[in-house]
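A short write-up of the structure that comes next.
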Amino acid sequence: MDRDDAIVSAQWLHQNLENPEIKVLDASWYMPFENRDPFQEYKEEHIPGALFFDIDHISDLNTDLPHMLPSEEAFASSVTALGITNDDKIVVYDGKGMYSAPRLWWTFRVFGHDNIWVLDGGFPKWKSSGFEVQSSDSSSNEVSKSSSAIRVVQQHYKENLASPATFKVVLRPHLIWTLEKIKQNIEDKTHQHIDARVRGRFDGTAPEPRKGVRSGHIPGSKCVPFPDMLNSEQLFLPRDEIHKRFEKEGVSLENPIVVSCATGVTACIVALGLYKLGKKEIPVFDGSWTEWECQPGAIIVTINSASSS
């Protein structure tokens, strides 16, 4: 497993699936308007032995912002409930191919675990390769562990109950950017700010998918849409092609970069693309556009006007 790449192929995973050191996580997540239940879809079919990691519920339950990073204690407890140790090598995938899995890859790295890789092409590539899938009913060990991981986070936030944790975390705060850091960067311009949303939403000419959220972008940011990292099969492009995508938008790989999107999910696809190019310490603005846009008096840049508030 090449840590410099952080991506493995379906063929590689198939050949190494029986390795007891490797744990596989289904990190599928979908937009609310898609009306898809990722946990139910996981129960119906998943890679054999995989566990489900719910990024919506294993998150900070003290905020209205969606799937913000959980506390160190909540994350450690949930990962422990899944039976994952610090020695495990983790492969994450999702049901779209390359969408939400990089978010979990970034999350583990934020909490100090580098032995994690993303499955290139995700579950669609696994199935199209003809590899076996598995189903699990509600009484299965896999579903029980996945449900327990959600439950311990709820107990942590809502009942103030601490769950035992053997998984040790080491927080890397430099990989997380807050709203305050983004505001400061507009003034200081220490980092190039990349927005991973599609062009229309960035320009303000297409609506945001979340009700009540305006489109547009943060002052000074540049648009490198996350689909630009991928081919039609949701596989990552070769490094030289990825490099061209950044070059086209005037992004210098020699200077610091921070990435954002709508809610901190697809930004991690761009962060993974940059990781492939050797930029391994890319921070993500966790609250992203959803947190920026909801501020009173937020400056919103669109293609048709300098700004509006």
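Counting only protein chains, not ligands or nucleic acids, how are D240, D203, D87 ordered by accessible area (probe 1.4 Å), most first?
Values: D240 90, D203 25, D87 125 Å².
Largest accessible area first, the list is D87, D240, D203.
If amide H atoms are built 1.01 Å from N in the plane of the peptide, which residues on other chains or at least 5 residues away come under 5 Å of the amide H of L230?
Here L237 satisfy the definition.
Suppose R0 equals 30 Å. What FRET efficiency, 1/(1 + (r/R0)^6) with r the Cβ-Cβ distance, do I299 and L277 give to the nearest 0.05?
On the way: r = 30 Å, r/R0 = 1.02.
Computed FRET efficiency for I299 and L277 comes out at 0.50.
Using protein chains only and a probe of 1.4 angstrom, how many square angstrom of T205 are accessible, to the nearest 10?
Accessible area of T205: about 90 Å².
Nearest 500 deg cm²/dmol is fine: what mean residue ellipticity at 222 nm does the chain get from its DSSP H runs of n ≥ 4 alone, each adding -39,500 (n - 2.57), divided by its residue count?
Numbers: 11 runs with 100 residues, N = 309.
One gets -9000 deg cm²/dmol as the mean residue ellipticity at 222 nm.
When Lys and Arg each count +1 and Asp and Glu each count -1, what net charge do the other residues less than 11 Å away from H14, Cβ to Cβ, add up to? Display every interim value, and only then the final one.
Numbers: positive: K125; negative: E18, E132.
After counting each charged neighbour, the total is -1.
Taking the Cα centre of each part, how many Å lie between the stretch 108-155 and the stretch 280-305?
Value for the Cα centre distance between the two parts: 30 Å.
Just T85, T263, T63 to compare: in a GNM of the chain, with alpha carbon springs under 10 Å, which one fluctuates most?
Result: T63 has the largest fluctuation of those listed.
So which of K248/K276; K125/K145; K96/K183; K145/K280; K43/K125; K96/K125 end up more than 21 Å apart by C-alpha?
Pairs exceeding the cut-off: K125/K145; K96/K183; K145/K280.
What's the extension gain from D56 to D240 if we count 0.36 nm per residue and subtract their Cα-Cα distance?
Between D56 and D240, full extension yields an extra 62.8 nm.
Might you report the magnitude of the Cβ-based charge dipole of the stretch 98-188 about its Cα centre, with Lys and Arg at +1 and Asp and Glu at -1, to the nearest 20 debye? Mind showing how you got there, number by number?
Numbers: 11 positive and 9 negative charges, 18 e Å.
Around 80 debye, computed over the stretch 98-188.
Give the ranking of I90, I7 by solvent-accessible surface, highest area first, calculated with a 1.4 Å probe. Present the calculation step by step, with values, prior to reporting the outcome.
Details: I90 0, I7 25 Å².
Highest to lowest solvent-accessible surface, that is I7, I90.
Assuming R0 = 22 Å, what is the FRET efficiency of R36 and K145, from their Cβ-Cβ distance, to the nearest 0.05?
On the way: r = 22 Å, r/R0 = 1.00.
Using R0 = 22 Å, I get an efficiency of 0.50.
Subtract the Cα-Cα distance of Y157 and K181 from 0.36 nm times their separation in residues, and report this length gain in nm to one decimal. If you can, show how the numbers build up before the last one.
Details: separation 24, 0.36 × 24 = 8.64 nm, distance 2.56 nm.
Length difference between fully extended and current span is 6.1 nm.
Put a dot 7 Å past each Cα toward the Cβ at L171 and T190; how far apart are the dots in nm?
So the two model labels end up 1.8 nm from each other.
Going from most exposed to least, what order do E247, E241, E208 have by accessible area with a 1.4 Å probe?
Values: E247 115, E241 55, E208 20 Å².
Heavy-atom accessible area, descending, gives E247, E241, E208.
Can you give me the Cα centroid spacing of the stretch 191-210 and the stretch 251-270 in angstrom?
12 Å
The values are calculated or read from the model by the stated rules, or taken from the named source; none is laboratory data. The model shown is predicted, which means the values in this text are computed figures rather than measured ones. Positions of Cβ are generated from backbone atoms using ideal geometry, with glycine treated the same way; all protein chains shown enter the neighbour counts. Remember, those area values only see protein heavy atoms, side chains included, never the ligands or the DNA or RNA. Shrake-Rupley method; radii C 1.70, N 1.55, O 1.52, S 1.80 Å.
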